[in-house]
Amino acid sequence: MDTTISLPDWFASQVEATRLHPSTKAYVVGVMTAPPQFGRRESVVVAYAEARSRYDFTSFQRIADWVLWADVWCPEFIGANREIVESIGRLSYHACYRITRGSWTVYEELADRLPAIVQELRVPLRQA
């Protein structure tokens, strides 16, 4: 009997108990299992400034998704800059929400609740 489980299925089971909208849960599972590319020496602040100057959806989404992923999987990497990095993530998700003219409420929920969502997601990961 093969008892292996895929990473998306495992993470979906971990996220199930969170207080997120079902579409947000699905989005988060996607981000957690296929993280956005972000250069090791790339600055989140500089990337955000560039995204703002271009008002570029893809850049805002990449930044915000990376913040979500990094803050959940490796919070020590963010360290003392957590408030700033989470603020940039929230602002980036909010920009995605505005650019889509409010049609993707996933971005609104992520923008409004990012720090709380990160905390909710870390609990099942630590217990796994």
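The values are calculated or read from the model by the stated rules, or taken from the named source; none is laboratory data. Not measured: the values here are computed from a predicted model. Quick reminder, even Gly has a Cβ in these numbers, built from the backbone with ideal geometry, and neighbours come from all protein chains shown.
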Q) Given ALA64, ALA17, which one is aliphatic (A, V, I, L, M), in contact (Cβ under 8 Å) with a residue 24 or more places away in the chain and in a helix (DSSP H, G or I)? A) ALA64
Q | Sole residue being out of contact with any helix residue (DSSP H, G or I) (no Cβ under 9 Å at 6 or more places or on another chain) and either closer than 21 Å to PRO22 by Cα or surrounded by fewer than 20 Cβ atoms within 10 Å (Cβ to Cβ) (or both), chosen from CYS96, CYS74 | A | CYS74
Q: With the condition kept exactly as written, say whether any residue in region 80-103 is assigned to a helix (DSSP H, G or I), among the β-branched types (Val, Ile, Thr) and touching a residue at least 60 places away in the same chain (Cβ under 8 Å).
A: no
Q | Qualifying positions in region 105-114 - within 18 Å of TRP66 (Cβ to Cβ) and either in contact with a Gly (Cβ under 9 Å, 6 or more places away or on another chain) or not in a helix (DSSP H, G or I) (or both) | A | LEU110, ALA111, LEU114
Q) Scanning region 77-92 for residues that are within 22 Å of TRP104 (Cβ to Cβ) and not aliphatic (A, V, I, L, M), which turns out surrounded by the fewest Cβ atoms within 10 Å (Cβ to Cβ)? A) SER87
**Q.** Odd one out for VAL44 among (1) surrounded by 19 or more Cβ atoms within 10 Å (Cβ to Cβ); (2) modelled with pLDDT under 95; (3) under 10 Å from the mean Cα position of the chain (by Cα)
**A.** (3)
Q | All positions within region 1-40 that are of a type in the set (Gly, Ala, Ser), closer than 21 Å to ASP112 by Cα and within 13 Å of the chain's Cα centre (by Cα) | A | ALA26, GLY30
Q: Inspect region 64-86 for any residue being within 16 Å of GLU50 (Cα to Cα), in contact with a Leu (Cβ under 6 Å, 6 or more places away or on another chain) and modelled with pLDDT of 95 or more and give the result as yes or no.
A: no
